[in-house]
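Chemist: Sharing a structure below in structure tokens format, with a few things to ask.
The values are calculated or read from the model by the stated rules, or taken from the named source; none is laboratory data. Note that the structure is predicted; figures quoted are calculated from it, not measured. Cβ sites come from the backbone with ideal geometry, for glycine too, and all protein chains shown count toward neighbours.
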Amino acid sequence: MVRRLLLVLFVLLLVLAGAVYWLLSSDGLRRSLESQASAWLGETVVIERASARFLPRLGIHLRNVRIGSPAQVTLALVDVSTDLRALFSRRIEQADIVIADSRIALPLAFDVPTSGLGGGAPGESRAPTVGSIRSISLRDVLLVSRGRELAVSAESSLDGTHLNVKHFTARSGHTSVDAFGSVELSPRIDARLEANASQLDLDDLLAVLEAFSTSRPASSQGGSGLPARISAKVTARRSTAAGVELGSLSATVAAQNDRITLSPIAFQLFGGRYDGTLEVQTGDTLAIALTGRVRDLDVAQLAAFGRIENLITVASRAAAASTGADVM
């Protein structure tokens, strides 16, 4: 009797495993996910392959996901792990998401809606819908903005519309940053971060801030149309800007729409120190304004950096601003 019961249970487990595998690996699921994601984003989404993964948790493994035409987002690998009981109700709950070896060109030409993948596309009632997300991991994701590339990795968790960024790293030839903080996703993207860098290229920082903060019109897919806001406290042991060595740097950053403000900002410069404000107006043309005070400037270092006429130009600009705030 016990043997028969065990045999029945074994057969049931095989049938269950086969049903789950069919659910997760069928080409119908791939097409359903493509249709649902395309309707959600308002952009063409193509998934080359979808397959099942059973360990360490039940999940879906996606390869070569492309968003946009031409593709602006290319995700080489996407893993979505989920709760089994919810999956039988065609919902993805307590999900763990891993995105790896991918490329994202910024700014995005589309809004990412803050609402979930709840309804699905018409005629796609058999497609799973997304409920809750327990964690999101980025591994070697390349962000491209204004011709600059940053390789980023991150570990985060999502509670409702609150994204807790536990760890975020960004690396390039001249930038190495570690950050943490939080992001509210509704009614707008509102990020508050703290970043520490062993080295920082200010041009890299401005390119990424511009890409994430640039506003777009509200979409019919659920985007609020409100411009993203980013605020951050940034410190760096070494920094550069436009190829100039700045030494240590500290700044409080605020970015929204096409305006980025670093105030206060302090950095070392040619043996001296700059304290003040850096304002950047982005868009078709880039305008930068520095307002502050330079102290203890080493004229010999400045003269060695450029031609003597450059030294005269900088000196005359400093003298012209001496009646008010020093401008450099």
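Chemist: Restricting to region 48-61, what's the tally of residues that are assigned to a strand (DSSP E or B) and surrounded by fewer than 20 Cβ atoms within 10 Å (Cβ to Cβ)?
Modeler: 6
Chemist: Okay, next question. Collect the residues in region 168-190 that are touching a helix residue (DSSP H, G or I) at 6+ places or on another chain (Cβ under 8 Å) and not β-branched (V, I, T), keeping them in residue-number order.
Modeler: If the condition is that a residue be touching a helix residue (DSSP H, G or I) at 6+ places or on another chain (Cβ under 8 Å) and not β-branched (V, I, T), then A170, S172, H174 are the ones that fit.
Chemist: Something else about it: Inside region 173-182, can you point out the residues that are surrounded by 17 or more Cβ atoms within 10 Å (Cβ to Cβ) and hydroxyl-bearing (S, T, Y)?
Modeler: Residues satisfying the conditions are T175, S176.
Chemist: Still on this model: Is there a residue being surrounded by 15 or more Cβ atoms within 10 Å (Cβ to Cβ), modelled with pLDDT of 70 or more and within 24 Å of S35 (Cβ to Cβ) anywhere in region 113-125?
Modeler: For region 113-125, residues surrounded by 15 or more Cβ atoms within 10 Å (Cβ to Cβ), modelled with pLDDT of 70 or more and within 24 Å of S35 (Cβ to Cβ): absent.
Chemist: What number of residues within region 29-46 are within 24 Å of the chain's Cα centre (by Cα) and either surrounded by 19 or more Cβ atoms within 10 Å (Cβ to Cβ) or among the hydroxyl-bearing types (S, T, Y) (or both)?
Modeler: Matching residues across region 29-46 total 10.
Chemist: Within region 194-201, does at least one residue satisfy the condition of being modelled with pLDDT under 85 and either among the hydrophobic types (A, V, I, L, M, F, W, C) or within 19 Å of L108 (Cβ to Cβ) (or both)?
Modeler: Scanning region 194-201 turns up no residue that is modelled with pLDDT under 85 and either among the hydrophobic types (A, V, I, L, M, F, W, C) or within 19 Å of L108 (Cβ to Cβ) (or both).
Chemist: Now for a different question. Cβ-Cβ below 8 Å, separation at least six or inter-chain, first residue in region 167-186 and more than 15 Å from D201 (Cβ to Cβ), second part of a loop (DSSP other than H, G, I, E, B) and at pLDDT below 95: which pairs?
Modeler: As it stands, the answer is V183/I189; E184/T161; L185/T114; L185/T161; S186/T114; S186/T161; S186/S224, since those pairs meet every condition given.
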